[in-house]
Amino acid sequence: MFLPYRLGENWGYLDKSGQIVIQARFESTGKVDGGNPYGIRDDGIAILSLSGEELSFVPNAWSMNPFSQGLLAIHRDDKVGYCNQRGEVVIAPQFEVATTFGKVSATACVGTADAERWGRLSPQGKWHEEPRYAFLRDLANIGRFSGGRLVDSDKYVVVDELGRRTIEEEFLDVRLESEGLIPVRYTKSRKMGWIDIQGNRVCADRFDDLGGYFTSGMIAAKVNDHWGVVDVQGNWVFEATFSFIGHRSSGLWSAVIKGDYRGDFGMPCDELQGFVDDKGAVAIPPKFMRVHDFKSDRSLVYFPRSNDASIRTPIPFGYVDPQGTIVWQEESGGGKGVGHRNA
């Protein structure tokens, strides 16, 4: 596992324990999720070995996505294409937007004379189906179905990994399929519930909002301006008492929690982010400006800037484990970050 870190104005990589494995010598580093690490320089992308040696180079390009299926989405001249681990551009930059590949496809957008059109792209650079949607939600390696917005309409339909519409009913929103269930917003009530992949209603329109997808038979749900978690039958796992609940990862839910805190620059604030367990009990206290889902038991978190930091100081970040232990933290102060590993 490689975790990007910043030292001053340069970036490198840490391992899962917070030890430096690739020294900070790049203008930026991207996400790594099973593929090669890479570093961004002002003249392009250096694709690296696991020990940080430069294996290949992609000139005049940048990226922030991880390698997947041996391909990396690269930006060049305001278009997106893909290179392989040898640095060869195998799908020419031609897309307005293009995502990381899943097992079957990536989600991509091309511009036309009158509008943008979205579809699913094969690893060979061919469309599975001609792009036909005004917007198409990325599958994000979660499931096989997501929502596509129809052209000249505010309605969404269910679209599979090949870009095919799979059911006739239209919705105001369609999220990501997971565990055979798809959160949707119904057109008449404007409330949310979920359907199965055949389009059968499993839970009627009961909620003001829902999370992006199910995890372990549960999903975040909003009623009356507060968030909690429900099961596949729509029963509350824990009541809606939080300002926001995100996704479940490593057995914990990201949460916005109200209280009396000190936030950015030591200023008073009434909300910070942390994690709660499946009973709604605080597992990692709210002391972060923002938290991300856990990946391989590491969560990227952002800390409040210190009292002596300037408005131009980057928001310091770090990584925590599911027990709340800070694996590595960038210090804030004086204008530039200084990294350190917590024992």
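The values are calculated or read from the model by the stated rules, or taken from the named source; none is laboratory data. Predicted model only: the values in this text are computed from it and were never measured. For neighbour counting, all protein chains shown are included, and Cβ atoms are generated from backbone atoms with ideal geometry for every residue, glycine included.
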Check your understanding: For segment 122-141, which residues satisfy the criterion of being closer than 15 Å to ARG175 by Cα, among the hydrophobic types (A, V, I, L, M, F, W, C) and at pLDDT 95 or above?
Key -> PHE135, LEU136, LEU139
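ALA283: without any contact (Cβ under 8 Å) to a residue 60 or more places away in the chain, over 21 Å from the mean Cα position of the chain (by Cα) and part of a strand (DSSP E or B), yes or no?
It is true that ALA283 is without any contact (Cβ under 8 Å) to a residue 60 or more places away in the chain, over 21 Å from the mean Cα position of the chain (by Cα) and part of a strand (DSSP E or B).
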Review point. Would a scan of segment 176-193 turn up a residue that is surrounded by 15 or more Cβ atoms within 10 Å (Cβ to Cβ), touching a Cys at 6+ places or on another chain (Cβ under 6 Å) and in a strand (DSSP E or B)?
Key: yes
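Looking at segment 95-141 only, could you name the residues that are outside any loop (DSSP other than H, G, I, E, B) and charged (D, E, K, R)? Lay out the reasoning, then the answer.
Just the residues of segment 95-141 that are outside any loop (DSSP other than H, G, I, E, B), to begin with: 95, 97-98, 106-111, 116-121, 127, 133, 135-136.
GLU116, ARG117, ARG120, listed by residue number.
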Exercise for review: Report whether or not ASP152 is assigned to a strand (DSSP E or B) and free of Cβ contacts under 8 Å to residues at least 24 places away in the same chain.
Suggested key: no
Exercise for review: Give just the number: which of (1) surrounded by fewer than 16 Cβ atoms within 10 Å (Cβ to Cβ); (2) out of contact with any Asp or Glu (no Cβ under 8 Å at 6 or more places or on another chain); (3) outside any loop (DSSP other than H, G, I, E, B) does VAL202 not satisfy?
Suggested key: (2)
Check your understanding: Mind checking whether some residue in segment 117-136 is crowded, with 21+ Cβ neighbours inside 10 Å and among the basic types (Lys, Arg)?
Key -> yes
Review point. Has segment 237-250 got at least one residue that is farther than 30 Å from LEU14 by Cα and either assigned to a loop (DSSP other than H, G, I, E, B) or at pLDDT below 95 (or both)?
Key: yes
Exercise for review: Give me a count of the residues in segment 260-317 that are in contact with a strand residue (DSSP E or B) (Cβ under 7 Å, 6 or more places away or on another chain) and among the hydroxyl-bearing types (Ser, Thr, Tyr).
Suggested key: 3
Exercise for review: Taking only segment 42-67 into account, find how many residues are surrounded by 21 or more Cβ atoms within 10 Å (Cβ to Cβ) and either polar (S, T, N, Q) or within 27 Å of VAL104 (Cβ to Cβ) (or both).
Suggested key: 7
Point to revise | segment 2-21, residues that are surrounded by fewer than 17 Cβ atoms within 10 Å (Cβ to Cβ) and closer than 19 Å to GLN69 by Cβ | key: none
Study note, to complete from the structure: Residues in segment 22-41 that are in a strand (DSSP E or B), of a type outside the set (S, T, N, Q) and buried (at least 18 other Cβ atoms within 10 Å of the Cβ) total 6
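Inspect all residues belonging to segment 271-291 and state whether any of them is at pLDDT below 95, basic (Lys, Arg) and either more than 23 Å from ASP33 (Cα to Cα) or in contact with an Asp or Glu (Cβ under 8 Å, 6 or more places away or on another chain) (or both). Working first, answer last.
Our first condition is that a residue be at pLDDT below 95; within segment 271-291, this holds for none.
Taking every residue of segment 271-291 in turn, none turns out to be at pLDDT below 95, basic (Lys, Arg) and either more than 23 Å from ASP33 (Cα to Cα) or in contact with an Asp or Glu (Cβ under 8 Å, 6 or more places away or on another chain) (or both).
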Practice item. Within segment 254-264, identify whether any single residue is surrounded by 15 or more Cβ atoms within 10 Å (Cβ to Cβ) and among the basic types (Lys, Arg), and answer yes or no. Key: no
Review point. Which of the residues spanning segment 269-289 are surrounded by fewer than 18 Cβ atoms within 10 Å (Cβ to Cβ) and either under 22 Å from ILE142 (Cα atoms) or among the acidic types (Asp, Glu) (or both)?
Key: ASP270, GLU271, ASP277, ASP278
Exercise for review: Identify, by number, the condition in (1) within 30 Å of LEU121 (Cα to Cα); (2) among the polar types (S, T, N, Q); (3) assigned to a strand (DSSP E or B) that ASN65 doesn't meet.
Suggested key: (3)
Review point. For segment 294-343, which strands (runs of 3 or more DSSP E) that fit wholly inside it have 3 or more residues that are closer than 15 Å to LEU7 by Cβ and at pLDDT 90 or above?
Key: 317-320, 326-331
